[in-house]
Amino acid sequence: MTRVFSGVKPTGHLTLGNYLGAMRQWAEVDQYRSDALFSVVDLHALTVDHDPARTRRLSRQAATLLLASGLDPRLCTVFVQSHVDEHARLSYVLECVATDGEMRRMIQYREKEARERARGRGVRLSLLTYPVLMAADILAYGADEVPVGDDQKQHVELTRDLAVRFNQRYGHTFVVPRATAPKVAARVMNLQDPTSKMGKSEDSGPGIVYLLDEPDVVRRKVMRAVTDSGHEVVYDREGRPGVANLLEILAACTDGNPESLAAVHQSYGSLKKDTAEAVIEVLRPVRDRHRELCADPGYVEEVLRHGAEKARAMARPTVDTAYRAIGLLPPVTEAEPALNAAR
Ligand code: TRP
């Protein structure tokens with residue numbers, strides 16, 4: 001069966017963009033058709049200035065929201081990255097295969113590096129090596145497919161390069177994965193700035209709908225979305241990005257298509273009203289389930305404990321193989337007494 005791996009980074013509250021762009025596809029499609037792992041990749045949250053208590057809170061919340069969005073631990077593996085040592089173990093070995101030039105060419109690194117420097121902060125070394133850890137996340141599990149947004153494609157390309165290079169140098173060890181774009185996904189843009197993605201890491205803004213926003217808050221944010229000059233509702237991504245974003249959100253929430261939805265709306269006001277209500281309805285079951293899960297923290301902990309155990313068992317053999325292949329001396333274990341005696 002196809003193996004799928006993806007991760008969410010606990011650097012901010014999860015948004016409607018995360019849900020419509022990724023999580024919904026994981027829950028509705030991927031967990032049924034594949035052997036899938038979904039990880040809260042908390043080690044990745046430490047690459048820029050962070051608050052330890054907040055990171056811990058966001059990790060728990062992200063795990064809870066993955067389950068609230070419909071991931072079923074009987075169908076897929078949900079776990080927290082730092083609970084499984086194999087990620088860090090493999091990352092080091094891959095650092096011995098990657099080059100510094102390759103790392104410095106990563107677009108996301110260049111952007112974040114510039115941002116950190118502009119704020120007068122040092123750049124953590126882990127920000128540079130981040131894509132290698134991400135490669136380890138993927139390669140440790142022999143994932144065939146990695147569903148990610150456009151901004152992560154370059155990192156998956158790098159993962160492929162590292163896998164191929166390692167296999168050529170040290171013998172076949174890794175499955176070479178590919179990035180996939182979710183079929184039903186919407187690319188949700190910021191409601192106040194429809195040319196940039198609705199990301200979770202930005203400071204809380206009126207243009208971002210969070211999965212746990214109350215209905216009233218969702219309504220207010222959508223009603224205040226920036227629209228374009230003009231009055232007619234037309235679907236034109238380039239010329240009318242604000243209206244196009246609302247149409248795409250509405251389409252994603254109602255299983256419709258943006259062009260025909262444009263035709264049935266006479267004004268921006270009615271489009272916003274329908275979009276707000278559609279978003280509220282889509283988020284309602286997620287919010288309800290999240291509330292139930294929060295009332296039963298023992299359940300979430302048990303899912304994560306079991307998930308980490310399953311993940312560890314899947315990753316361990318591959319990482320062991322990589323250690324042997326690259327020339328590390330296998331440790332002598334008690335399970336091999338005959339071998340010891342023979343020496
Ligand atoms: N880098 C991804 C992001 O910022 C998160 C991530 C980490 C990831 N490891 C991964 C995604 C492995 C897919 C597979 O969104």
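Return the only residue of VAL48, VAL84, VAL80, VAL41 being of a type in the set (Val, Ile, Thr), surrounded by fewer than 21 Cβ atoms within 10 Å (Cβ to Cβ) and within 13 Å of the ligand (Cβ to nearest atom). Step by step, each of VAL48, VAL84, VAL80, VAL41 is checked, and only VAL48 is of a type in the set (Val, Ile, Thr), surrounded by fewer than 21 Cβ atoms within 10 Å (Cβ to Cβ) and within 13 Å of the ligand (Cβ to nearest atom).
For the criterion of being touching a helix residue (DSSP H, G or I) at 6+ places or on another chain (Cβ under 9 Å) and open to solvent by 30 Å² or more (accessible area, probe 1.4 Å), ARG105 passes. Say whether the condition of being under 19 Å from ALA98 (Cα atoms), among the aromatic types (Phe, Trp, Tyr) and within 16 Å of the ligand (Cβ to nearest atom) is met by at least one residue in the stretch 173-193. Among the residues of the stretch 173-193, at least one is under 19 Å from ALA98 (Cα atoms), among the aromatic types (Phe, Trp, Tyr) and within 16 Å of the ligand (Cβ to nearest atom), which makes the answer yes.
Among the residues of the stretch 1-20, those that are more than 10 Å from the ligand (Cβ to nearest atom) and open to solvent by 20 Å² or more (accessible area, probe 1.4 Å) comprise MET1, THR2, ARG3, HIS13.
For the criterion of being more than 25 Å from LYS153 (Cβ to Cβ), open to solvent by 30 Å² or more (accessible area, probe 1.4 Å) and either out of contact with any helix residue (DSSP H, G or I) (no Cβ under 7 Å at 6 or more places or on another chain) or within 13 Å of the ligand (Cβ to nearest atom) (or both), ARG56 passes. Once the stretch 21-36 is narrowed to residues that are open to solvent by less than 10 Å² (accessible area, probe 1.4 Å) and over 28 Å from LEU250 (Cβ atoms), the residue that is farthest from the ligand (Cβ to nearest atom) is SER34.
Let's see how each residue does on (1) outside any helix (DSSP H, G or I); (2) touching a strand residue (DSSP E or B) at 6+ places or on another chain (Cβ under 9 Å); (3) farther than 23 Å from VAL218 by Cα:
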site: GLY7; (1), (2), (3): yes, yes, yes
site: PRO10; (1), (2), (3): yes, yes, no
site: GLY21; (1), (2), (3): no, yes, no
site: LEU66; (1), (2), (3): no, yes, no
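Of the residues making up the stretch 123-159, those that are of a type outside the set (A, V, I, L, M, F, W, C) and within 20 Å of ASP35 (Cβ to Cβ) are ASP137, TYR141, GLY142, ASP144, GLU145, PRO147, THR159. Taking helices (runs of 4 or more DSSP H) as the structural unit, those lying wholly within the stretch 239-328 and holding at least 1 residues that are closer than 18 Å to LEU65 by Cβ and over 23 Å from the mean Cα position of the chain (by Cα) correspond to 268-294, 297-325.
For first residues located in the stretch 68-79 and touching a residue at least 12 places away in the same chain (Cβ under 8 Å), partners that are hydroxyl-bearing (Ser, Thr, Tyr) and open to solvent by less than 30 Å² (accessible area, probe 1.4 Å) and lie 6+ apart or on another chain with Cβ distances below 8 Å form the pairs SER69/TYR19; VAL78/SER39; PHE79/SER39. For the stretch 153-187, taking the residues that are more than 24 Å from MET1 (Cα to Cα) and modelled with pLDDT under 95, the one that is surrounded by the fewest Cβ atoms within 10 Å (Cβ to Cβ) is identified as ARG187.
Could you tell me which residue of the stretch 204-220 is modelled with the highest pLDDT, considering only residues that are farther than 16 Å from ARG287 by Cα and open to solvent by 30 Å² or more (accessible area, probe 1.4 Å)? It comes out as ARG220. When LEU75 is tested against the conditions (1) within 16 Å of the ligand (Cβ to nearest atom); (2) part of a loop (DSSP other than H, G, I, E, B), the lone failure is (1). Checking the structure you have, find out if any residue of the stretch 287-310 is open to solvent by 20 Å² or more (accessible area, probe 1.4 Å), out of contact with any strand residue (DSSP E or B) (no Cβ under 9 Å at 6 or more places or on another chain), hydrophobic (A, V, I, L, M, F, W, C) and at pLDDT below 95. Looking for residues that are open to solvent by 20 Å² or more (accessible area, probe 1.4 Å), out of contact with any strand residue (DSSP E or B) (no Cβ under 9 Å at 6 or more places or on another chain), hydrophobic (A, V, I, L, M, F, W, C) and at pLDDT below 95, one finds none in the stretch 287-310, hence no. Residue pairs whose Cβ atoms lie under 8 Å apart, sitting 6 or more positions apart in sequence or on different chains, and linking a residue in the stretch 227-251 that is farther than 15 Å from LEU191 by Cα to a partner that is outside any loop (DSSP other than H, G, I, E, B) and charged (D, E, K, R), are TYR235/GLU259. Answer yes or no as to whether LEU75 is in contact with a helix residue (DSSP H, G or I) (Cβ under 6 Å, 6 or more places away or on another chain), open to solvent by 40 Å² or more (accessible area, probe 1.4 Å) and over 27 Å from HIS172 (Cα atoms). So LEU75 passes the test.
Take the residues in the stretch 110-137 that are in a loop (DSSP other than H, G, I, E, B) and more than 16 Å from the ligand (Cβ to nearest atom), then tell me which one is least open to solvent (accessible area, probe 1.4 Å). By that ranking, first place goes to VAL123.
The values are calculated or read from the model by the stated rules, or taken from the named source; none is laboratory data. Model, not experiment: these values are computed from the prediction. We place every Cβ from the backbone using ideal geometry, glycine too, and count neighbours over all the protein chains shown. Just the protein is used for accessible areas: all its heavy atoms, side chains included, with ligands, DNA and RNA removed. Shrake-Rupley method; radii C 1.70, N 1.55, O 1.52, S 1.80 Å.
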